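Student: Okay, here's the structure, questions in a sec.
Values quoted throughout were computed directly from the atomic coordinates according to the rules given, and no laboratory measurement underlies them. These figures come from a predicted structure and were not determined experimentally. Quick reminder, even Gly has a Cβ in these numbers, built from the backbone with ideal geometry, and neighbours come from all protein chains shown.
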Amino acid sequence: MFGRGLNGHEVYLIDFGLSSLWVDSHGNHIPYSTNAKFRGTDKYASVNNHNRIEASRRDDLESLGYVLIMLLNGTLPWFDIKQAKVDVAKVKQATTLQQLTEKLPGVFHDYFVNVQRLEFSTQPDYDYLRKIFLNTLHTNGWSYDNVFEWAIQFENQS
């Protein structure tokens with residue numbers, strides 16, 4: 001969820017009912033499994049999650065990438081599936097990175113390439129991922145002002 005008004009720049013994470021730990025009580029990474037339960041929303045879930053591979057941090061980043069694209073474009077290639085019997089997972093797997101990111105700044109392609117190269121238990125380089133997005137802002141002369149369009153629209157409606 002996103003905040004409203006003065007908190008419009010804040011992201012609130014809610015509903016952890018489908019979340020799972022990626023480390024055990026001893027701090028060890030959970031084991032790799034190919035018989036995991038599907039968790040989440042099919043439109044944002046990682047391809048691994050659809051394939052019943054245990055989710056880890058790489059899958060969270062893939063899902064985050066889908067959310068960012070949806071926020072920017074208002075849709076994802078598999079959102080417009082009109083046929084009830086079409087499997088979202090199959091459409092998602094058939095969608096290439098080029099198709100997924102074709103109308104977006106190159107940073108989205110770079111982000112997904114980086115995320116897809118991660119092994120199951122690899123700790124992602126979060127600083128690098130943040131940096132490539134910030135570099136894109138600066139390269140294009142865009143400002144990082146923490147003001148989102150929906151916050152402005154909310155203020156104008158008040």
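Student: Select from the stretch 4-28 the residues that are touching a residue at least 24 places away in the same chain (Cβ under 8 Å), surrounded by 10 or more Cβ atoms within 10 Å (Cβ to Cβ), of a type outside the set (Lys, Arg) and more than 20 Å from ALA45 (Cα to Cα) and list them in ascending order.
Tutor: Passing the criteria: GLY8, HIS9.
Student: When residues of the stretch 1-35 are filtered for being more than 16 Å from ARG57 (Cβ to Cβ), of a type in the set (A, V, I, L, M, F, W, C) and more than 19 Å from the chain's Cα centre (by Cα), how many remain?
Tutor: Keep residues of the stretch 1-35 that are more than 16 Å from ARG57 (Cβ to Cβ), which gives 1-12, 14-15, 17, 25-26, 34-35.
Subset that is of a type in the set (A, V, I, L, M, F, W, C): 1-2, 6, 11, 14.
Adding the requirement that they be more than 19 Å from the chain's Cα centre (by Cα) leaves 6.
Matching residues across the stretch 1-35 total 1.
Student: For the stretch 36-54, state whether one or more residues are surrounded by 10 or more Cβ atoms within 10 Å (Cβ to Cβ), farther than 30 Å from ASN146 by Cβ and among the acidic types (Asp, Glu). Break it down stepwise before answering.
Tutor: So the first thing to find is which residues in the stretch 36-54 are surrounded by 10 or more Cβ atoms within 10 Å (Cβ to Cβ), and the list is 36-54.
Those left that are additionally farther than 30 Å from ASN146 by Cβ: 36-39, 42, 47-54.
Now drop any that are not among the acidic types (Asp, Glu), which leaves 42, 54.
So far as the stretch 36-54 goes, yes, one or more of its residues are surrounded by 10 or more Cβ atoms within 10 Å (Cβ to Cβ), farther than 30 Å from ASN146 by Cβ and among the acidic types (Asp, Glu).
Student: A further question follows. Checking VAL86 against (1) hydrophobic (A, V, I, L, M, F, W, C); (2) surrounded by 13 or more Cβ atoms within 10 Å (Cβ to Cβ); (3) more than 28 Å from TRP22 (Cα to Cα), which single condition isn't satisfied?
Tutor: (2)
Student: Still on this structure: Select from the stretch 43-90 the residues that are over 26 Å from TYR126 (Cβ atoms), among the acidic types (Asp, Glu) and either in a helix (DSSP H, G or I) or touching a helix residue (DSSP H, G or I) at 6+ places or on another chain (Cβ under 9 Å) (or both) and list them in ascending order. Even if it seems obvious, please write down each step before you answer.
Tutor: Let us first name the residues in the stretch 43-90 that are over 26 Å from TYR126 (Cβ atoms), namely 52, 74-75, 77-90.
Imposing the further condition that a residue be among the acidic types (Asp, Glu) reduces the set to 80, 87.
Answer for the stretch 43-90, where residues must be over 26 Å from TYR126 (Cβ atoms), among the acidic types (Asp, Glu) and either in a helix (DSSP H, G or I) or touching a helix residue (DSSP H, G or I) at 6+ places or on another chain (Cβ under 9 Å) (or both): just ASP87.
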